[in-house]
1. Determine, yes or no, whether B:ALA50 is free of Cβ contacts under 8 Å to residues at least 60 places away in the same chain, surrounded by 20 or more Cβ atoms within 10 Å (Cβ to Cβ) and farther than 27 Å from A:ILE192 by Cβ.
2. Within segment A:151-185, can you find the residues that are surrounded by fewer than 22 Cβ atoms within 10 Å (Cβ to Cβ) and small (Gly, Ala, Ser)?
3. State all residues of segment A:88-120 that are surrounded by fewer than 24 Cβ atoms within 10 Å (Cβ to Cβ) and charged (D, E, K, R); if no residue qualifies, say none.
4. Could you please tell me which pairs satisfy a Cβ distance under 9 Å, a separation of 6+ or placement on different chains, a first residue in segment A:60-85 that is on the phi > 0 side of the Ramachandran plot, and a second residue that is part of a loop (DSSP other than H, G, I, E, B) and at pLDDT below 95?
5. Assuming A:ASP160 fulfils every condition listed in (1) in a loop (DSSP other than H, G, I, E, B); (2) more than 14 Å from chain B (Cβ to nearest Cβ) apart from one, which condition is it?
6. Can you confirm whether A:VAL452 is more than 30 Å from A:GLN186 (Cβ to Cβ) and in contact (Cβ under 8 Å) with a residue 60 or more places away in the chain?
7. Anything in segment A:388-407 that is free of Cβ contacts under 8 Å to residues at least 12 places away in the same chain and not polar (S, T, N, Q)? List them, or say none.
Amino acid sequence: MTQRPGPNSVSAHVDNGEDVPDSGTSGASVSRRLTEEEFDRYSRQMIVPGVGKDGQLRLINSRVLIIGAGGLGCPAAQYIAGAGVGTIGIVDGDVVEVSNLHRQVGHAASRIGMKKVDSLITHLRGLNTLPTYVPYTFHINPQNAADIISRYDLVMDCTDNPATRYLISDICVLLCKPLVSAASVQKSGQLIVLNCPPTPQGRLDRQYAPCYRCCFKKPPPPSSMLSCGEAGIMGPVVGMMGVAQAGEAIKILISALHIPSQDHSIPLERNLAQPTLLVYTYELENAVGPYSFRALKMAGRKKNCFACGENSTLTLEGIQSGTPNYEQFCSLPSPNFTLPPDERITASAYHGARNRGEIPNHLLLDTREKEHFSFGSIDGAVNVPFGKLLTKAAAIKREGGAASDILPPVEESDVAEDTPIFVVCRRGLDSQEAVEKLKELGVNNGGKRRIVDIVGGMKAWKDEVDPAFPWV
Amino acid sequence: MADSTEVPIRESETPTISIAVDFYGGLHTLFGKGQHKLAIPAADKSGNPATIGFLVTHLCETKMNDPRTELFVLDGHIRPGILVLINEADWELEGEEAYEIQSGDNIVFVSTLHGG
């Protein structure tokens, strides 16, 4: 470390375009001098105990694949590039939108509409020109996953849906790649290192690291799943998870733990014998502490695991030809509502009826969350968030009380027992369930009052009636 | 640890056991808060020792302030996509729903997230 690199230093970086440098010795301690630029650039991390020149060379000789260039992938990629990982592949088929920018810090207002992968690589080159960046401007799928992943030493799952998460994990098991997986939605985040050190499928002679399926055997039903687009996401929450992913990946590479355990003699105690799920909960209700990070101990590889367990039938060929079917596995039946046609009205028909004065006296309930309602609503709409409506309905059922208590307080003179009620929500699902609930409670007064769902919710209102409506 | 948190049991009342139940990954919103210190009945109505299965029903009936029980329970079982940890261990190692709850146990429910 005291020696400055001389003029004979050779750079290990060969920028050969789209191709990933082939390095059979990737991750091994390649002995060479650092270039002057490498020395200057990485000095602050190299002097950290445990890194040193050997650790830095391992990073430089490593190839990391980041799948997803969004809220997790952007911060993760920044630190992976900054640390000097030699080859960085990035996979994503989406383009940059303005609603990404509050959290996807690798993009920019000037790059809206550009492929996220190209935008992020532009940003990363601004930080560090030394790594080779490999763009994959499409989504990963069962047909292309193995080919892409096989070119890398370590995979970071920065995606946003369960089908892709199971696919990535399965391929990582079959190709013996460590996987650093994180997820985040609204005010929660999770992080786990999987399949590290990587161990061939079916080996169970001692404790091995789990894969995604060992930890998360079954996906949640789609009805209980929230996406960032629906539930929202706090930038720092997902950002923290992405940064932590980079931290874990760097540790693994510096320690050479990404090399399959059959090929090296790293002592057992370094084998992440205790897999850990980090969970982060961010409370907006309690603005000052308590901070909630918790590291939950997870079990190791499971004997009966579908992917890595004893009698697994999972193969690369199978995956490529459609077995297992990831989409089907992750879209188990959910309660899907459809009310009869006479209890529904389209947004444009409702608008027309209002304009023609056909429904002078009616109640319009908007069951979106109050945050959504705060951006705008149809004239005269009253906000009764869906969760609150259900809670109230349950209380009335349990404790008795007038069914009409569930309705918002309105002038008595405005509401007769046959005053129709229209219900609108965000996309048209909750409103149908609300109609059912109100009928169940008898709010329809034995059929005297019509209770009608507005088909497609405020999304349809925006599409059919008011294009300027601020729908989120 | 288990002894120090035990609540005194009086013969005349239904014996209870003190446990800590934690919810993560958004589940806390169904139960008002993330961390709960609870005294639950030591046995179910038929006199069988309280198990995780019993606890799940008990939580739905007494602690859930959101009527959407299907976000926690489906067909009488914990819904897929929720991890259950018993004293920091995967519940599969402990017998899943059949595990008999002990005084001082820490039961953690984590909903798996997928966003990113």
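The values are calculated or read from the model by the stated rules, or taken from the named source; none is laboratory data. Just so you know, these numbers come straight off a predicted model, no measurement behind them. Virtual Cβ from ideal backbone geometry, glycine too; neighbours counted across all protein chains shown.
1. Values: free of Cβ contacts under 8 Å to residues at least 60 places away in the same chain: yes; surrounded by 20 or more Cβ atoms within 10 Å (Cβ to Cβ): yes; farther than 27 Å from A:ILE192 by Cβ: yes.
Against the criterion (free of Cβ contacts under 8 Å to residues at least 60 places away in the same chain, surrounded by 20 or more Cβ atoms within 10 Å (Cβ to Cβ) and farther than 27 Å from A:ILE192 by Cβ), B:ALA50 qualifies.
2. A:ALA163
3. Result: A:ASP94, A:GLU97, A:ARG103, A:ARG111, A:LYS115, A:ASP118.
4. Partner pairs satisfying both residue conditions: A:GLY68/A:ASP160; A:GLY68/B:GLY116.
5. In the conditions (1) in a loop (DSSP other than H, G, I, E, B); (2) more than 14 Å from chain B (Cβ to nearest Cβ), A:ASP160 misses (2) alone.
6. Details: more than 30 Å from A:GLN186 (Cβ to Cβ): yes; in contact (Cβ under 8 Å) with a residue 60 or more places away in the chain: yes.
Yes.
7. Initially, segment A:388-407 is screened for residues free of Cβ contacts under 8 Å to residues at least 12 places away in the same chain, giving A:388, A:391, A:394-395, A:398-402.
Across segment A:388-407, the qualifying residues are A:LYS388, A:ALA394, A:ALA395, A:ARG398, A:GLU399, A:GLY400, A:GLY401, A:ALA402.
Per-residue answers, yes or no, for (1) surrounded by fewer than 21 Cβ atoms within 10 Å (Cβ to Cβ); (2) more than 14 Å from A:ALA381 (Cβ to Cβ); (3) at pLDDT 90 or above:
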position: A:GLU436; (1), (2), (3): yes, yes, no
position: A:GLY442; (1), (2), (3): yes, yes, no
position: A:ASN445; (1), (2), (3): yes, yes, no
position: A:GLY457; (1), (2), (3): no, no, yes
position: A:ALA460; (1), (2), (3): yes, yes, yes
position: A:ASP463; (1), (2), (3): yes, yes, yes
position: A:PRO467; (1), (2), (3): yes, yes, yes
position: A:VAL472; (1), (2), (3): yes, yes, no
